[in-house]
């Protein structure tokens, strides 16, 4: 083992007498002290030790007699050397803490807290003399292992008796919280709760880890870090992080009575209480609220006491409220858990006035007003959720989940309206009304408001994508926001890619469709003119066929002679054939081909004009 120099911090061998770093003489650790023995006297024969009672990490407890008070039984607690004896600062801190425990106990006066008789120092050892409580600790009522690692079965005790003890401890915690400097015990567990043998009341002992908190300007404790004390499994989550709150003791008390009621040791699985479901509904609800990880939403000692007192009150005096399946509750504190379990029935109970009548019988007129206020809401699910949240502000919040997390519409042209689907679900508890909105003008959720009940299948929302309102850019990004009271805000990104080829094709199609009416009108006009010209030709031919025949003959002779001159070696049959067919081709060209070309030119001009108007918009 190495020894640390208190002057420079140098590590030295255990047998070294001087520091190898600074030469300072090393302090010699005192030898371990022998425990007190039976019959030993203390404080100038004022106290006589009888027998050891228990031994903890920081102190040993002995049963003794106060010889100056006619041999009155008392308890003497000695501070043990749990610190590094070679470290003067560690010893000073330990002595200060032990003295603080004595001063703390001396300043308290409550039937559930042992009285302090004296505090003294003898031969470098520190002692506190306290009231002796004749009885047994509540650890006797849970299964445990003895000193030989053998399992000892628990003693049986009635549930009503345990609840009465819990109410008494809540009263002690209320008293400690009301002190000018509120006191936090920090180590409530079955072993530190003693059941008196005569009166039968429970007492809270072992304030060796207790701490105080200064009140802030608003009467609340200032947040500050402190040393980590307590017993894992019973200690609250914030206490395990080195923080203490007034409600840290409430958590430990609830964990303690969970252990006593179920015989399930929370030290085996800290932070988890799997057998809560085996308890009666109203009792389960009271413990669940006291075991919440967040101190701000956890029950106070007064709230826990009121819940337990309502459970203990005889049913004939107060009455109970029955839910489907025969489950009954006797306190308003159990309403949130039961309403979550039987939501449809609870909604009817609220809006039919059943809750108000029951609360009026309990003389809880404040809650009657809350129920009447909640019933004014048209949305009955929202009214029930508001009622439960006013009953228990620390109630777990609904959790809205949205699938998919993003929407990708893909490649589109600015034409028409596309649809996408979102699935919304309440993965938490209770009821949440989700509101959907988007700042992008081309996105529109339908419906824009939807109610979500826990445990129900997902609800679908249609997202309309108005592509005609998209700006002329390559990639468009918008967001659909989902907001729900008590459930926060969820943003769903929506991405649309505007395809340039599709957009060009769409505009060409629009231009062509716009040009078709003009093209058809021009085509009809050309066809009519063509028909008129052909009709005139045919009419003139019928009237002056002789002249046409003469003209044909002259033209045929001219063409035949011209072909003969162009091709002297051609046969005469060929020259005659050219002379006959050439006039026919000329007539066909004048009467048919030229009007057809005019038709095509007119149609093309109309199409170009229509496209120009379309792209000009």
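Counting only residues that are under 26 Å from the mean Cα position of the chain (by Cα), in a loop (DSSP other than H, G, I, E, B) and either free of Cβ contacts under 8 Å to residues at least 24 places away in the same chain or outside the structural domain of residue 353 (by TED's automatic domain parsing) (or both), the stretch 368-392 holds 1 of them. The condition (being outside any strand (DSSP E or B) and at pLDDT below 80) is satisfied by just one residue among 31, 35: 31.
For residue 261, the stated conditions do not hold, so it cannot be described as touching a residue at least 24 places away in the same chain (Cβ under 8 Å), under 17 Å from residue 303 (Cα atoms) and touching a helix residue (DSSP H, G or I) at 6+ places or on another chain (Cβ under 7 Å). The set of residues in the stretch 429-453 being crowded, with 17+ Cβ neighbours inside 10 Å and assigned to a loop (DSSP other than H, G, I, E, B) consists of 429, 430, 440, 442. You will find that of 502, 498, the residue that is at pLDDT 70 or above and over 35 Å from the mean Cα position of the chain (by Cα) is 498 and no other. Considering (1) modelled with pLDDT under 90; (2) over 29 Å from the mean Cα position of the chain (by Cα), the lone condition that residue 222 does not fulfil carries the number (2). Here 254, 296 are screened, and the one residue that is loosely packed, with under 14 Cβ neighbours inside 10 Å and either at pLDDT 90 or above or not in a loop (DSSP other than H, G, I, E, B) (or both) is 296. Here residue 456 qualifies as closer than 30 Å to residue 346 by Cβ and without any contact (Cβ under 8 Å) to a residue 40 or more places away in the chain.
Checked against the criteria, residue 109 counts as under 14 Å from residue 205 (Cα atoms) and at pLDDT 85 or above. All told, residue 86 meets the bar of being outside the structural domain of residue 231 (by TED's automatic domain parsing), part of a loop (DSSP other than H, G, I, E, B), modelled with pLDDT under 90 and surrounded by 12 or more Cβ atoms within 10 Å (Cβ to Cβ).
The values are calculated or read from the model by the stated rules, or taken from the named source; none is laboratory data. Quick caveat, the model's predicted, so the values are computed rather than measured. Positions of Cβ are backbone-derived with ideal geometry, glycine not excepted, and every protein chain shown enters the neighbour counts.
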